[in-house]
Amino acid sequence: MRSRFAILVLFSLLPVFSFGQQRSDAPAAQAGQRGRGARGPAQRPPSAPTPRYPDGHPMLSAPPGKLGYWDAGTGSIFGKNGNNLPTNLDISEVPFMAWSRALYEVRRAEQSKSDPHARCLPPGGPRQFHTPYGLLIYEIPEAKRVLILSGGGPHIWRIVYTDGRPHPPADQLDPGFLGHSVGHWEGDTLVIDTVGFNEKFWMTRFGLPHTEALHLIERISRPDYNTLKYEVTIDDPKTYTRPWSGGHIINWHPDEDFPEYFCQDNNRDAEHLVGQ
C-alpha cells in the first residue's frame, strides 16, 4: 500500500515536475486517426515536428496544454503488414526452440483461450505496446524516471529508472510481470534494458512464449509528433536459439484524454471465456 500511495503522489506531481519545463509545440490539425486500439494504419495529414524538452531531447508525452495518447494495439513484433516494421521476421523465421514452437502453435490453435491477459493479468514485455485502449509515456527528468502507463487490461504502470543504476543481482530480483527496467537516451532514442520477468504472461496476444531468462532491449523513438517507433530485441536462451528483433509503429491519438478502462469492470462475457 505504501508503494502504491507513493506512485499516486508521484502522478499527482507530474505537472509540477515535468510540464513546467516542457516546450509547448502545438501539433497541426489532425484527423482520420483510429482510436483506442483499432487495427490497421489510418490516413493522416502531415505531422508536426517532434515536441522536445528545453535540452533538446524528445518528449514522448503530450506537450503542456495538449491532450492525446498513443493508440496501442495496432502492430506486432513479427510480420511485415500494417504498422509492423518492414525489417520484422515472419513468424516462420522466429528462432524458436522445438518446445517453444510447439507451445506457440498450441496456443494459436486454441485461439488464445488460456491467455492470462484475458483474465486481467498484466501485459508484460512487448505486449504492453500492442494492448488496446491507449498508452502513455511520461518522463520525469527531476526524478530520473520514465513511467509507462497502459490503458488496457488491469490499468498498470511501469517504472523505468534513468538515474544510471544497474539491475539488482540475479539472486535479488523478484520476478514479475513487468520486470526491472533501466533506461538511458542514445540521441533521440530511449533505450530500455529489462530483466527479472516471471513466466505468467504471454509476450503477444497469440502466445509468444518466454522463460525467466528473458532479457529485453527496447528502443523507443518519436520521429514526428504523430509517430512512435517501438523496437525490441528478445534474448531468451532457454526459449530461442538466438536473439531476435522486431517492432512496429504506434500512432498518436490527439485531442482526447487517456481512456479509463479497467479489465475487471469490462469482462462482460465471462461466461463464454474458456480455458484454464
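The values are calculated or read from the model by the stated rules, or taken from the named source; none is laboratory data. These figures come from a predicted structure and were not determined experimentally. Methodologically, a virtual Cβ is constructed for each residue, glycine included, from the backbone with ideal geometry; neighbour enumeration extends over all protein chains shown.
Scanning segment 207-228 for residues being touching a residue at least 60 places away in the same chain (Cβ under 8 Å) and buried (at least 17 other Cβ atoms within 10 Å of the Cβ) gives a total of 14.
Restricting segment 140-197 to residues that are at pLDDT 95 or above and of a type in the set (F, W, Y), the residue that is nearest to C120 (Cα to Cα) is F177. Of everything listed in (1) in a loop (DSSP other than H, G, I, E, B); (2) of a type outside the set (D, E); (3) closer than 19 Å to I192 by Cα, the single unmet condition for I148 is (1). The sole residue among S100, S112 that is in a loop (DSSP other than H, G, I, E, B) and over 16 Å from T194 (Cα atoms) is S112.
Count, please, the residues in segment 190-204 that happen to be in a loop (DSSP other than H, G, I, E, B) and either over 16 Å from G246 (Cα atoms) or over 13 Å from the mean Cα position of the chain (by Cα) (or both).
Final tally of qualifying residues: 6.
Set side by side, the residues R127, R52, R107, R101 differ, and just one is more than 30 Å from D188 (Cβ to Cβ) and touching a residue at least 12 places away in the same chain (Cβ under 8 Å), which is R107. Can you find, within segment 152-189, the residue that is farthest from C263 (Cα to Cα) among those that are outside any strand (DSSP E or B) and in contact (Cβ under 8 Å) with a residue 40 or more places away in the chain? It comes out as D188. Within segment 67-90, being of a type in the set (A, V, I, L, M, F, W, C) and either under 25 Å from G152 (Cα atoms) or within 16 Å of the chain's Cα centre (by Cα) (or both) holds for L67, W70, A72, I77, F78, L85. The requirement of being over 11 Å from the mean Cα position of the chain (by Cα), within 24 Å of G73 (Cβ to Cβ) and aliphatic (A, V, I, L, M) is fulfilled somewhere in segment 134-155, by at least one residue. Of all residues assigned to segment 230-243, at least one qualifies as being crowded, with 18+ Cβ neighbours inside 10 Å and within 21 Å of S114 (Cα to Cα).
Under the condition of being in contact with a helix residue (DSSP H, G or I) (Cβ under 8 Å, 6 or more places away or on another chain) and in a strand (DSSP E or B), which residue from segment 132-144 is surrounded by the most Cβ atoms within 10 Å (Cβ to Cβ)? That would be L135. Of the residues making up segment 164-183, one or more are under 15 Å from P58 (Cα atoms) and surrounded by 16 or more Cβ atoms within 10 Å (Cβ to Cβ).
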